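Here's the structure, in structure tokens; my notes come after.
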Amino acid sequence: MSYIEIRGLKKRFGDNVVLDGIDLDIEKGEVVAVIGPSGTGKSTLLRSLNLLETPEAGTFKIGGETYQLTTKKSAEKRALRQQTEMVFQQFNLFRNRNVLENVMEGLTTVKKLPKDEAGRRALTQLEKVDMLDRLHHYPRHLSGGQQQRVAIARALAMEPKLLLMDEPTSALDPELVGEVLVTIRKAAQEGNTCLLVTHEMNFVKSVASRIVFLENGKIVAQGTPREIFDNPQNERLKQFLNKINMLESMEYVI
Amino acid sequence: MGVLFDWKLVFSQIPDILRYLPTTVELTLVATFIGYAIGLLLALVKIHRVPVLRQLAAFFISIIRGTPILVQLYITYYGIPLTLKYINLIHGTNYNINSIPPVIFAIIALGLNQSAFDSEIIRAAIQSVDNGQLEAARALGMTGGQVLRRVILPQAVTVALPSLGNSLIGLIKGTSLAFTVAVIDMTAQGRILAGRNFRYFEAYCSLAIIYWVITIALEKLFKYLEKRFSVPEEAPAAEKKVAGLIRAFRASRNAAPRDGLKLPEPEENV
């Protein structure tokens, strides 16, 4: 019995099968990175767990509760969504609210915390992402990296059992990627359970406790960073790593 | 008849006309409210593509936009009593047609007319809020109503304000047609005054001045609201509302060493 169990997750768009029966276990405090070629359903996997997509089949056990991912009841959907939080590629901060209000929004509206308590929690998280000096700035006044740090604070303030991160650095200018990766690493080190889709392979290597290689809607290989990058057994995985230039044996002759 | 154009009368009768300003304001406010409420419903029906209702909404909007407001006023004015008569005939009831104050007809006609035009403004404004924010709100666990109230509407209002302002100005001027269905508003009062002394030109000049001033005031009001609701250009300084909270938090933190981000931290290569 794992902390989180995903069973038989299936999702298709029209005739295109994106997720073809995903089974995945995640232990408490684990940081699981999902890698794979584009279009293999990495993002769809994350979005299905938060019901931003509606899967055709699948169950999701988290926090001692088992949820049907196919549920149509909005109360069940909301209960499930409160177990997880999402960090988006495009940050998706509320543009009409400043930094502090963005982080407090879920606490006051969804968790119904009193203002003071919500404010304290928000400030605690904003301190961790080092955004205390920008509390009254609106998203449009912030750089992409700062916005993403606020988005991470907003997600963590809700105390999710699983933090979903969908390519959190892909929309950032190269010089801003570092500050967000540092923030994510810190969140991981503090024991937050994370499921992360990213193309930052060096980061994955150093932060992830486990890597899942997804191709054509199936988990083709999984293991520790060392198993995946240094000693890949699977042929498809080897090809993928070759392509993204991560296989150590690769040598270029120029 | 002394002078050709009695310009003093133009100004001296303004207070007399303004006695009916409350009627004009009442017509405008209630019609606006109806317009926003039904307009929002129509917009939501269109956005969510509700079957049947969507076709009905499109049909309704098409009719309202395709006919003059004057004709719509007459249709309500004659249509509602006719409908009541019919109901009385069929069900043997005894609704009194003459007890309906004429202002009701004007309010219904103007309100429905507004709703058709406002629904398009509201729909465009709602759809201007990017989908990512809606996903973020849903991911936080908000209900559909909360997403609408907390995320969509506050941002849609900013987008819609200039167009809603225009629409409201159009409505204020549209209320001047209410005299055709026996409502005594400012325009009707102007005509009544003119009927006594045959100074029609002066009466309409007075009305023009009044409507113009009201419109200018509304334009200013909407400019102010627009500024008020939109995100400030510059990052604002600290807000007083939460100053105490932040001070308390900082004080509690001064004791413990601060554990912020250390930047830049080089990416390690394994």
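The values are calculated or read from the model by the stated rules, or taken from the named source; none is laboratory data. Bear in mind that the values here come from a model prediction, so they are computed numbers and not experimental data. Cβ placement follows ideal geometry from the backbone for every residue including glycine, while neighbour counts extend to all protein chains displayed. Protein only, heavy atoms only, side chains kept; ligands, DNA and RNA dropped before computing areas. Shrake-Rupley method; radii C 1.70, N 1.55, O 1.52, S 1.80 Å.
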Worksheet entry | Test: residue in the stretch B:41-53 that is in a helix (DSSP H, G or I), of a type in the set (Gly, Ala, Ser) and more than 29 Å from B:ALA188 (Cβ to Cβ) | yes
Item to complete: At least 3 residues that are over 16 Å from B:LEU245 (Cβ atoms) in each: list the helices (runs of 4 or more DSSP H) lying fully within the stretch A:55-140 that qualify.
Response: A:74-81
Fill in: Test result for A:PHE88, facing another protein chain (nearest Cβ under 7 Å) and either hydrophobic (A, V, I, L, M, F, W, C) or open to solvent by 40 Å² or more (accessible area, probe 1.4 Å) (or both)
yes
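Can you give me the number of residues within the stretch A:1-40 that are touching a residue at least 24 places away in the same chain (Cβ under 8 Å) and out of contact with any Lys or Arg (no Cβ under 7 Å at 6 or more places or on another chain)?
20
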Worksheet, complete the sentence: Among the residues of the stretch A:155-180, the number that are open to solvent by 10 Å² or more (accessible area, probe 1.4 Å) and either within 11 Å of chain B (Cβ to nearest Cβ) or under 18 Å from A:ARG47 (Cα atoms) (or both) is 12
Discussion item. All but one of (1) in contact with a Pro (Cβ under 7 Å, 6 or more places away or on another chain); (2) open to solvent by less than 20 Å² (accessible area, probe 1.4 Å) hold for B:THR187; state the number of the condition that does not hold.
Written reply: (1)
Worksheet item: Out of curiosity, is B:SER176 at pLDDT below 95, surrounded by fewer than 20 Cβ atoms within 10 Å (Cβ to Cβ) and either closer than 30 Å to A:PHE94 by Cα or within 14 Å of chain A (Cβ to nearest Cβ) (or both)?
Response: no
Item to complete: Look through A:ALA221, A:ALA188, A:ALA171 and report the one residue that is in contact (Cβ under 8 Å) with a residue 60 or more places away in the chain, small (Gly, Ala, Ser) and touching a strand residue (DSSP E or B) at 6+ places or on another chain (Cβ under 7 Å).
Response: A:ALA188
Fill in: In the stretch A:100-122, the residues that are of a type in the set (A, V, I, L, M, F, W, C), more than 21 Å from the chain's Cα centre (by Cα) and more than 9 Å from every other protein chain (Cβ to nearest Cβ)
A:LEU113, A:ALA118
Worksheet item: Hey, among the residues in the stretch B:245-256 that are at pLDDT 75 or above and open to solvent by less than 70 Å² (accessible area, probe 1.4 Å), which one's farthest from the other protein chains (Cβ to nearest Cβ)?
Response: B:ALA251
Discussion item. Against the condition more than 8 Å from chain B (Cβ to nearest Cβ) and touching an Asp or Glu at 6+ places or on another chain (Cβ under 8 Å), how does A:LYS77 come out, does it pass?
Written reply: no
Response to the item:
Exception for A:HIS199 within (1) over 27 Å from B:SER230 (Cβ atoms); (2) modelled with pLDDT of 90 or more; (3) more than 10 Å from every other protein chain (Cβ to nearest Cβ) falls at (2)
